[in-house]
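Working notes, beginning with the structure itself.
The values are calculated or read from the model by the stated rules, or taken from the named source; none is laboratory data. Since we're looking at a predicted model, the values are computed, not measured. Every residue, glycine among them, receives a Cβ derived from its backbone with ideal geometry; neighbour counts consider all protein chains shown.
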Amino acid sequence: MDGTVSQALDDTALVEADRSTFFHPFTAVADQQANGALVMSQANGSRIVDASGNEFIDGAAGLWCVNVGYGRSEISDAIAAQSRKLPYFHTFNGVSNEPGIRLSEKLLSLAPKSMRRVFYGSSGSDANDTAVKLLWYYNICRGKREKRKIISRDYAYHGVSVASGSLSGIPMVHQNFGLPLDFARHVSRPDLYRDAPSRQCYTEEAYSAYLADELDRMIRAEGADTVAGFVAEPVMGTGGVLPPPRGYFQEIQQVLDRHDVRLVSDEVITGYGRTGTWFASEACGMRPDLILTAKGVTSGYLPLSAVFVGDEIWSVIEDASKDGRVFAHGFTYSGHPTCAAAALANLDIIEREGLVERVAAISEGFRASFDDAIGDCDIVGEIRSAGLMMGVELVADRETKARLPASAKVAGRVAMAARRHGVLVRGLPNSDIVALSPPFIVTQEEIGLLAGGLRAAIDDVTKELR
Ligand code: PLP
């Protein structure tokens with residue numbers, strides 16, 4: 001990649017300016033002060049270059065989002081053209097715009113057939129907030145005012161606003177904020193590696209039945225007439241990269257149906273191809289009432305979220321409107337025409353290049369590369385994957401699955417060490433799990449470099465631990 005040398009001159013000044021002005025999300029201020037920021041400068045394909053000219057393979061696609069890779073001029077051109085024509089207008093009070101309309105048509109043509117409408121925002125967090133309010137509104141419209149509690153899962157990540165942060169189950173998202181709010185409840189996440197054996201569940205089916213029973217007991221204890229929804233990712237991402245055990249969502253779905261509880265599928269990570277199908281819900285046995293998407297809808301080129309509203313909830317909303325009720329919710333940027341144009345160009349690339357099919361085709365080889373490269377490391381307890389999502393759980397002892405000391409922050413250290421080997425991976429919060437989610441266009445050679453870089457990083461940290 002060219003153009004990096006002249007920027008190297010500015011690198012120190014940029015880091016200094018960052019130190020004294022920039023308040024970063026999820027960043028320990030003392031670390032930022034001590035270490036300085038990694039300042040990104042430019043990117044192409046799966047490669048990204050920092051302001052000093054160091055090149056990395058982005059094994060995380062930003063934050064699980066740059067699915068078509070960097071440097072897609074089709075998307076940049078669509079953004080430029082739309083921002084010249086009509087950069088912005090709102091969509092309140094029945095006002096609309098052509099890219100927003102065309103995107104809605106496109107999204108509904110890709111989504112499960114039971115989806116009826118699309119509601120827009122700008123982030124995965126606001127998509128979850130919209131889902132919370134849709135569930136409340138839906139129940140109020142059908143005369144069930146008390147049906148307000150929403151159940152999600154321990155360690156889930158659904159965002160950080162006060163409502164979506166309440167649905168999240170990651171301790172650091174709650175601590176120091178007095179969250180969760182009192183509408184939220186949490187059940188166990190499906191963790192075949194650690195939780196299933198401790199419950200004496202020795203088959204996936206038995207574990208699924210156990211977890212469904214736990215949910216059933218919680219709904220009964222709370223009172224089914226107070227429970228509105230269950231929110232889950234088809235494959236849990238930040239909570240550990242946990243594919244569901246066999247039969248899990250089929251069992252869960254039966255419990256929800258029995259208690260008239262709606263299912264919300266958070267596909268902010270999995271939507272638009274990451275697991276090898278356009279959406280993961282149906283493939284995982286879910287029959288969702290709402291599907292939440294963001295990230296991959298634009299591959300992160302501009303912020304956009306899209307909430308799909310299914311038959312049942314839509315018919316209640318439509319009926320209620322005949323009595324003059326309005327879903328008084330929405331954002332300045334709902335249906336933003338330039339973001340919609342970016343999404344259309346992004347989806348066009350995914351379709352034209354067959355990237356969903358590509359993910360399905362390469363996922364086995366992707367997995368095998370990591371099994372080969374790191375499967376024998378002393379501190380690798382388990383490698384889990386679904387499509388191009390992977391989690392590597394690090395342990396003190398492979399036999400006993402003994403945990404590493406939390407204070408050692410091993411996943412974060414492996415991610416930092418990986419940078420030194422030219423590879424970006426993520427240490428997941430409150431865990432010893434390293435996650436990977438490369439762009440869909442990652443090449444075989446780059447997969448090899450990612451796996452080799454991760455191996456070198458794990459070896460470095462293993463030596464430090466001895
Ligand atoms: N839901 C899921 C499954 C996510 O992974 C994330 C972010 O990683 C969110 C919601 C929140 O998205 P955002 O950071 O855009 O608010």
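For this structure, a couple of remarks:
- The set of residues in region 113-149 being among the aliphatic types (A, V, I, L, M), over 15 Å from the mean Cα position of the chain (by Cα) and within 14 Å of the ligand (Cβ to nearest atom) consists of Ala131, Val132.
- Any chance Arg185 is away from the ligand (no atom under 16 Å from the Cβ), crowded, with 18+ Cβ neighbours inside 10 Å and either under 29 Å from Lys295 (Cβ atoms) or touching a residue at least 60 places away in the same chain (Cβ under 8 Å) (or both): yes
- Within region 353-368, the residues that satisfy the criterion of being surrounded by 17 or more Cβ atoms within 10 Å (Cβ to Cβ) and under 30 Å from Leu465 (Cα atoms) are Phe366, Arg367.
- The set of residues from region 301-342 being among the aliphatic types (A, V, I, L, M) and touching a residue at least 60 places away in the same chain (Cβ under 8 Å) comprises Leu302, Leu304, Ala306, Val307, Val309, Ile313, Val316, Ile317, Ala320, Ala340, Ala341, Ala342.
- Selected residue (criterion: farthest from Arg194 (Cα to Cα)) from residues of region 413-466 that are modelled with pLDDT of 95 or more and among the hydroxyl-bearing types (Ser, Thr, Tyr): Thr443
- For beta carbons closer than 8 Å, sequence separation of 6+ or different chains, a first residue in region 103-119 that is in contact (Cβ under 8 Å) with a residue 40 or more places away in the chain and a second that is of a type in the set (D, E, K, R) and buried (at least 17 other Cβ atoms within 10 Å of the Cβ), the qualifying pairs are Leu108/Arg116; Pro112/Glu282.
- Filtered by the rule that a residue be surrounded by fewer than 24 Cβ atoms within 10 Å (Cβ to Cβ) and touching a helix residue (DSSP H, G or I) at 6+ places or on another chain (Cβ under 8 Å), region 396-413 gives Leu404, Ala408, Arg413.
- Hey, Val68 touching a helix residue (DSSP H, G or I) at 6+ places or on another chain (Cβ under 8 Å) and surrounded by 15 or more Cβ atoms within 10 Å (Cβ to Cβ) or not: yes
- Long-range neighbours under 7 Å by Cβ, at least six apart or interchain, first residue closer than 15 Å to Ala361 by Cα within region 262-280, second within 11 Å of the ligand (Cβ to nearest atom): Gly273/Gly296; Arg274/Gly296; Arg274/Met389; Arg274/Ser437; Thr275/Val235; Thr275/Met389
- Met172, sole failed condition from (1) away from the ligand (no atom under 15 Å from the Cβ); (2) exposed (fewer than 15 other Cβ atoms within 10 Å of the Cβ): (1)
- Count - residues of region 131-159 that are under 23 Å from Cys284 (Cα atoms) and not acidic (Asp, Glu): 12
- Any hit, region 260-277, residues being closer than 19 Å to Leu135 by Cα, within 16 Å of the ligand (Cβ to nearest atom), within 14 Å of the chain's Cα centre (by Cα) and outside any strand (DSSP E or B): yes
- The residues of region 269-283 that are under 11 Å from Pro234 (Cβ atoms) and crowded, with 22+ Cβ neighbours inside 10 Å, listed by number, are Ile269, Thr270, Gly271, Arg274, Thr275, Phe279, Ala280, Ser281.
- If the condition is being part of a loop (DSSP other than H, G, I, E, B) and under 19 Å from Arg102 (Cα atoms), then region 303-322 contributes Pro303, Leu304.
- The residues of region 280-302 that are assigned to a loop (DSSP other than H, G, I, E, B), closer than 19 Å to Tyr248 by Cβ and within 13 Å of the ligand (Cβ to nearest atom), listed by number, are Ala280, Ser281.
- Whichever residue in region 127-151 is in a loop (DSSP other than H, G, I, E, B) and in contact with a helix residue (DSSP H, G or I) (Cβ under 8 Å, 6 or more places away or on another chain) and, among such residues, is nearest to Arg117 (Cα to Cα): Arg142
- Options Ala156, Ala196; residue that is in contact with a Phe, Trp or Tyr (Cβ under 7 Å, 6 or more places away or on another chain), closer than 22 Å to Met390 by Cα and at pLDDT 95 or above: Ala196
- Residue list for region 224-259, filter: free of Cβ contacts under 8 Å to residues at least 60 places away in the same chain and either within 16 Å of the ligand (Cβ to nearest atom) or in a loop (DSSP other than H, G, I, E, B) (or both): Pro234, Pro244, Pro245, Arg246, Gly247, Phe249, His259
- Test for Ile57: is it at pLDDT 95 or above, surrounded by 14 or more Cβ atoms within 10 Å (Cβ to Cβ), under 22 Å from the mean Cα position of the chain (by Cα) and farther than 19 Å from Leu302 by Cα: yes
- Number of positions in region 303-317 that are crowded, with 22+ Cβ neighbours inside 10 Å and either among the hydroxyl-bearing types (Ser, Thr, Tyr) or within 14 Å of the ligand (Cβ to nearest atom) (or both): 4
- Scanning region 397-446 for residues that are within 21 Å of the chain's Cα centre (by Cα) and either over 20 Å from Arg384 (Cα atoms) or part of a loop (DSSP other than H, G, I, E, B) (or both) yields Val425, Leu428, Pro429, Asn430, Ser431, Asp432, Ser437, Pro438, Pro439, Phe440, Ile441, Val442.
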